[in-house]
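All remarks here apply to the structure that follows.
The values are calculated or read from the model by the stated rules, or taken from the named source; none is laboratory data. A quick note: this is a predicted structure, and the numbers were derived from the prediction, not measured. Don't worry about glycine lacking a Cβ; one is built from the backbone with ideal geometry, like all the others, and counts go over all protein chains shown.
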Amino acid sequence: MASYDLIVIGTGPGGYVCAIRAAQLGMKVAVVEKNATLGGTCLNVGCMPSKALLYASELLEETEHSFAKMGIGVGKPKLDLPAMMSFKQEGIDGNVKGVDFLMKKNKIDVLRGTGRIVSAGKVEVKAADGKTEVSETKNIVIATGSDVAKLKGIEIDEKRIVSSTGALSLDKVPEKLLVVGAGVIGLELGSVWRRLGAQVTVVEFLDRILPGMDGEICKQFQRILEKQGMTFKLGAKVTGVDTSGKKLKAQIEAAAGGNPETLEADVVLVAIGRVPYTEGLGLKEAGVALDNRGRVQTDKHLATNVPGIYAIGDAIVGPMLAHKAEDEGVAVAEIIAGQAGHVNYDVIPGVVYTTPEVASVGKTEEDLKQAGVAYNVGKFPFTANGRSKVNQTTEGLVKILADAKTDRVLGVHIVGREAGEMIHEAAVLMEFGGSAEDLARTCHAHPTRSEAIKEAALGVGKRTIHM
Ligand SMILES: Cc1cc2nc3c(=O)[nH]c(=O)nc-3n(C[C@H](O)[C@H](O)[C@H](O)COP(=O)(O)OP(=O)(O)OC[C@H]3O[C@@H](n4cnc5c(N)ncnc54)[C@H](O)[C@@H]3O)c2cc1C
């Protein structure tokens, strides 16, 4: 029987990163993966394919709408959807191969099949051909990720009623796309298909988009998306989809009930969230406790209630983000090695990769109000940022929230082009407990969009220069 210091179940960004860090720390490590390829949701059907399609569809739209005004005459661009899907697949393949390479480089054994915890210290792997093999291990990390949340009474067939997975691989552009859920995934994939020519309507149960993100930023963002042609039905729910005809007929009513209406669509994308995936892992038999939402319960050190079994990523509490999973992967490997691995959950950036992007780190204005924290706000619109003006990409703003007493930055929220790249100076500042004054006095290269961050920081002290 093979014997390891650590077996990680699942090779998403949480699992494979954990395995690499553990190998760096001198452990003998194996990963278990039931999919044909490594890399989990993120690399295969999540972050990476969606970003490939967002990039390609953005360029298509830019070519059509922005090139002429810059003096670039290319005529009306033509969509070749199969070629765009191949572009996406090449990106996936490249990244997945990269993980294979990293496993070899770090001498990590890859056990192919479905992993099941027999008991603390024993993992069984069932291969596709049904053969099983049990390995011994001092430690187990559960990194099995998450799965699509289903909507009661609506059957996903991944053809006409799709999850994000199906929406990443449609073989033609739907005339009408109905997106259920105005979260990150719904808005990103809705944007892709709108740019490729679909009429997109987003139905959201709550009375706002992107729940959990700063309300003011989201209101601006919604206006921008509407200007781009997306339609929103907020405070509404989809109660069923009639699939009998050529067109789908979605029944919609107000979130509180009443006001029924029917919307026609060619494709319905169900994007109401994700749920932890722990099926067939043997957690019950091994005595590993779950919380009331089906997540593996962990303490501050990512340990479950069973000694020697840990859990990370989408399978546990916290934002379902690849970088959160990665950081937990590193932390848990260090904890197992006897070091002080740690994740600062107050500084985890979140990005919506649309155009413009939305990026945010730390507390929202709503969070601070609810916690009764006194704060100052500094804002700066991209319309007043020189670089944005010359590029004619002036939508959006930067908003900084700082503690009224100490000036410590508590949250930064941006809607604007490249916001997802810009947010990290705020994250570093916050990691070091920096103030708005620190940010305002840091020299920013000119002309950059990041100067808007400096100006917003100046705005906290009511002394913006360019407004
Ligand atoms: C469309 C979409 C877009 C996204 N975009 C972003 C983004 O831009 N940025 C971002 O940060 N996050 C994004 N996410 C979320 C991100 O993909 C997840 O947060 C991340 O993948 C979680 O990593 P993980 O390691 O916890 O699990 P996963 O990536 O889900 O990996 C879990 C792995 O475990 C394997 N597994 C499960 N059970 C077993 C078992 N019993 N035996 C063997 N293997 C098993 C699965 O096959 C899978 O490979 C997106 C998600 C989706 C769906």
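Residues checked against (1) closer than 17 Å to residue 350 by Cβ; (2) not basic (Lys, Arg):
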position: 191; (1), (2): yes, yes
position: 195; (1), (2): no, no
position: 210; (1), (2): yes, yes
position: 216; (1), (2): yes, yes
position: 224; (1), (2): no, yes
position: 231; (1), (2): no, yes
position: 245; (1), (2): no, yes
position: 249; (1), (2): no, no
position: 256; (1), (2): no, yes
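Only one of 115, 94, 98 is away from the ligand (no atom under 16 Å from the Cβ) and either loosely packed, with under 15 Cβ neighbours inside 10 Å or not in a helix (DSSP H, G or I) (or both); which? Walk me through how you get there before you give the answer.
Values: 115 fails: away from the ligand (no atom under 16 Å from the Cβ); 98 fails: away from the ligand (no atom under 16 Å from the Cβ).
Testing whether each residue is away from the ligand (no atom under 16 Å from the Cβ) and either loosely packed, with under 15 Cβ neighbours inside 10 Å or not in a helix (DSSP H, G or I) (or both) leaves just 94.
Test residue 147 against the stated conditions and say whether it is touching a helix residue (DSSP H, G or I) at 6+ places or on another chain (Cβ under 9 Å), within 15 Å of the ligand (Cβ to nearest atom) and not β-branched (Val, Ile, Thr). Explain how you work it out, then say what you get.
On the way: touching a helix residue (DSSP H, G or I) at 6+ places or on another chain (Cβ under 9 Å): yes; within 15 Å of the ligand (Cβ to nearest atom): yes; not β-branched (Val, Ile, Thr): yes.
Here the answer is yes, as residue 147 does meet what is asked.
How many residues does segment 116-130 hold that are basic (Lys, Arg) and closer than 16 Å to residue 33 by Cβ? I'd like the intermediate steps shown before the answer.
First, pick out the residues of segment 116-130 that are basic (Lys, Arg): 116, 122, 126.
Remaining after also requiring closer than 16 Å to residue 33 by Cβ: 116, 126.
Residues that pass the stated criteria total 2.
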Kindly provide the set of residues from segment 75-91 that are in contact with a helix residue (DSSP H, G or I) (Cβ under 6 Å, 6 or more places away or on another chain) and either part of a loop (DSSP other than H, G, I, E, B) or without any contact (Cβ under 8 Å) to a residue 24 or more places away in the chain (or both), ordered by number. 77
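Condition check ((1) polar (S, T, N, Q); (2) over 25 Å from the mean Cα position of the chain (by Cα); (3) on the phi < 0 side of the Ramachandran plot) across all residues:
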| position | (1), (2), (3) |
| --- | --- |
| 360 | yes, no, yes |
| 366 | no, no, yes |
| 376 | yes, yes, yes |
| 384 | no, yes, yes |
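Quick one: in segment 322-353, which of the residues that are under 12 Å from the mean Cα position of the chain (by Cα) and in a loop (DSSP other than H, G, I, E, B) is farthest from residue 228 (Cα to Cα)?
My answer is 348.
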Could you list, in sequence order, the residues of segment 237-260 that are in contact with a Lys or Arg (Cβ under 8 Å, 6 or more places away or on another chain) and not in a loop (DSSP other than H, G, I, E, B)? 241, 242, 248, 252, 253, 254
Condition first: within 15 Å of the ligand (Cβ to nearest atom), touching a residue at least 60 places away in the same chain (Cβ under 8 Å) and either surrounded by fewer than 20 Cβ atoms within 10 Å (Cβ to Cβ) or not in a helix (DSSP H, G or I) (or both). Now tell me which residues in segment 178-188 satisfy that. 179, 180, 181, 183
Can you find a residue in segment 428-447 that is in a helix (DSSP H, G or I), within 19 Å of residue 352 (Cβ to Cβ) and at pLDDT 95 or above? no
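Looking at 130, 121 in this structure, which one is surrounded by fewer than 15 Cβ atoms within 10 Å (Cβ to Cβ), of a type outside the set (D, E, K, R) and more than 14 Å from the ligand (Cβ to nearest atom)? Walk me through it before giving the result.
On the way: 121 fails: surrounded by fewer than 15 Cβ atoms within 10 Å (Cβ to Cβ).
Criteria check complete, one pass: 130.
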Positions within segment 158-177 being touching a residue at least 12 places away in the same chain (Cβ under 8 Å), more than 16 Å from the ligand (Cβ to nearest atom) and either on the phi > 0 side of the Ramachandran plot or assigned to a loop (DSSP other than H, G, I, E, B) (or both), in sequence order: 160, 171, 172, 173, 174, 175
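Going through segment 41-59 one residue at a time, which ones are away from the ligand (no atom under 14 Å from the Cβ), touching a residue at least 40 places away in the same chain (Cβ under 8 Å) and crowded, with 17+ Cβ neighbours inside 10 Å?
Residues of segment 41-59 away from the ligand (no atom under 14 Å from the Cβ): 56-59.
Cutting the leftovers down to touching a residue at least 40 places away in the same chain (Cβ under 8 Å) gives us 57-58.
Of everything in segment 41-59, just one residue is away from the ligand (no atom under 14 Å from the Cβ), touching a residue at least 40 places away in the same chain (Cβ under 8 Å) and crowded, with 17+ Cβ neighbours inside 10 Å, namely 57.
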What's the total number of residues in segment 424-448 that are among the basic types (Lys, Arg) and closer than 19 Å to residue 350 by Cα? 0
Name the pairs whose Cβ atoms lie under 9 Å apart, with the first residue in segment 426-444 and of a type in the set (Phe, Trp, Tyr), the second surrounded by 12 or more Cβ atoms within 10 Å (Cβ to Cβ), and 6 or more positions between them or separate chains? 432/438
Taking segment 22-40 and keeping residues of a type in the set (Gly, Ala, Ser) and within 16 Å of the ligand (Cβ to nearest atom) leaves 22, 30, 36, 39, 40
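Starting from residues that are of a type in the set (Asp, Glu) and within 11 Å of the ligand (Cβ to nearest atom), keep the ones in segment 328-362 and report whichever is surrounded by the most Cβ atoms within 10 Å (Cβ to Cβ). Walk me through it before giving the result.
First, the residues of segment 328-362 that are of a type in the set (Asp, Glu): 328, 334, 346, 357.
Those still in the list that are within 11 Å of the ligand (Cβ to nearest atom) too: 328, 357.
Working: 328: 28, 357: 21.
So the residue we want is 328.
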Matching entry among 307, 319 (being closer than 25 Å to residue 17 by Cα, part of a loop (DSSP other than H, G, I, E, B) and over 21 Å from the mean Cα position of the chain (by Cα)): 307
